[in-house]
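Everything on this sheet refers to the single structure shown next.
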Amino acid sequence: MLAGASGLASAAGNGAQNAAKPTVVKAAYQAKQQTKRKAYAKRPAARVVRPARLSDGMRAGLHGAPDPLSLRSSVAYVIDQETQEVLLSKNEEAVLPIASLTKIMTALLISEAELSLDEMITITQADVDTEKWSASRLRVGSTLSRGELMHLALMASENRAAHALGRTYPGGLQVFVEMMNAKAQLLGMQDTSFVEPTGLSSKNRSSAKDLAVLVNVASDDSLLREYSTSPAHQVAVGRRKLMFSNTNRLVKNPTWEIGLQKTGYISEAGQCLVMQARVAGRNLIMVFLDSAGKLSRLGDAERVRRWVESIPVKSLDVVPVTDNETDTDQPRFL
């Protein structure tokens with residue numbers, strides 16, 4: 001009996017040990033899997049690198065045209081505002097998308113219409129960008145004065161503000177776009193066409209020569225000069241106070257004397273910049289289109305300024321660029 005009992009006890013012990021083995025193995029497996037999950041979680045997420053979308057200027061091979069200043073813009077045009085002397089020209093007749101440079105025409109029409117700048121305008125769903133789905137700090141339902149919308153459109157390139165200006169023009173948006181094109185023709189801007197007031201559409205197109213004409217006219221408008229060159233502006237939207245900054249950092253540079261400016265960017269247009277500025281005692285109009293790199297348009301403006309300042313006025317000759325050579329070098333996409 002004792003031997004039998006001992007055998008039963010031994011069998012029971014072995015059974016308990018055998019039963020415990022799967023539990024131990026399972027626990028070890030789970031611990032191992034948890035360690036793997038933790039290690040995997042620490043790995044940096046794989047970046048999806050999307051190829052840069054080529055601008056229209058790059059597709060046309062305009063970046064292959066050389067120039068004596070080694071500009072990063074495929075299109076450049078600099079003239080003396082008083083004498084209309086051309087100081088620098090590079091692909092100035094190429095017709096390209098102009099992005100938010102469009103807003104100069106938008107603001108000019110609003111100013112010339114002498115509409116009340118104090119009239120309150122509400123941002124609606126119609127003002128939301130469905131072309132590029134660009135972000136905006138002006139929520140649907142926000143209400144600002146026409147003057148504030150105009151200020152934000154020129155200074156901060158606010159797309160909903162610009163669209164609301166066109167939408168609330170007498171006759172509506174369609175009439176406003178017709179007026180934009182009519183004004184362009186009146187000014188002799190034969191290579192210019194508009195389809196909307198923000199510049200988000202790549203169908204808003206112009207040439208550097210045409211844009212110089214527009215800047216020349218717009219720079220005579222004191223309101224456009226003030227709004228486009230203010231470094232920053234705060235607006236009250238309901239209970240919120242929003243601070244907007246100028247998209248052109250050169251307006252904060254004390255070494256620059258800028259009368260009017262506007263930046264622009266969509267992938268089809270590249271980085272764009274127009275300015276009316278006083279350099280070396282001369283009022284100049286500068287147009288840079290399809291620049292490669294976010295800050296390169298500002299760098300081009302600096303190069304032109306240093307060049308103009310380094311040469312006596314009487315010795316400043318026209319610098320034409322007529323080489324049609326193409327180049328496959330692609331700019332950095334930002």
Work out the charge dipole of the stretch 56-315 with +1 on the Cβ of Lys and Arg and -1 on the Cβ of Asp and Glu about the Cα centre, then indicate which of 276, 170, 108 is farthest towards its positive end. 276
³J(HN,Hα) across the stretch 156-167 via Karplus (A = 6.51, B = -1.76, C = 1.60, θ = phi - 60°), whole Hz, x for Gly/Pro? 9, 6, 6, 5, 5, 5, 5, 5, 5, 4, x, 5
The stretch 61-124, dipole about Cα centre (Lys/Arg Cβ +1, Asp/Glu Cβ -1), debye to the nearest 20: 460 debye
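So what is the relative contact order for the stretch 56-315, in percent, with contacts set as C-alpha pairs under 8 Å and at least six apart?
Computed over the stretch 56-315, the figure is 25 percent.
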For the residues 119, 114, 148, what sequence is obtained by ranking on other C-beta atoms within 10 Å, fewest first? 114, 119, 148
Given the Cα-Cα distance of residue 306 and residue 174 and 0.36 nm per residue of separation, how much length would full extension add, in nm? 43.2 nm
Sort 80, 118 so the one with the fewest other Cβ atoms within 10 Å of its own Cβ comes first. 118, 80
Stretch residue 114-residue 242 to full length: gain in nm at 0.36 nm per residue minus the Cα-Cα span? 43.4 nm
Quick check: residue separation of residue 31 and residue 140 times 0.36 nm, minus the Cα distance between them. What number comes out in nm? 34.1 nm
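Rounded if a/c is under 1.5, else prolate if a/b is larger than b/c, else oblate: which is the stretch 56-315, with a ≥ b ≥ c the root eigenvalues of its Cα gyration tensor? Before the final figure, lay out the partial values.
On the way: a/c = 1.73, a/b = 1.54, b/c = 1.12.
In terms of gyration-tensor shape, prolate.
The numbers here are math on the coordinates, done by the rules we state, and not lab data. All of these numbers come straight from a predicted model, not from anything done at the bench. Here Cβ is always computed from backbone atoms with ideal geometry, including for glycine, and neighbour counts include all displayed protein chains.
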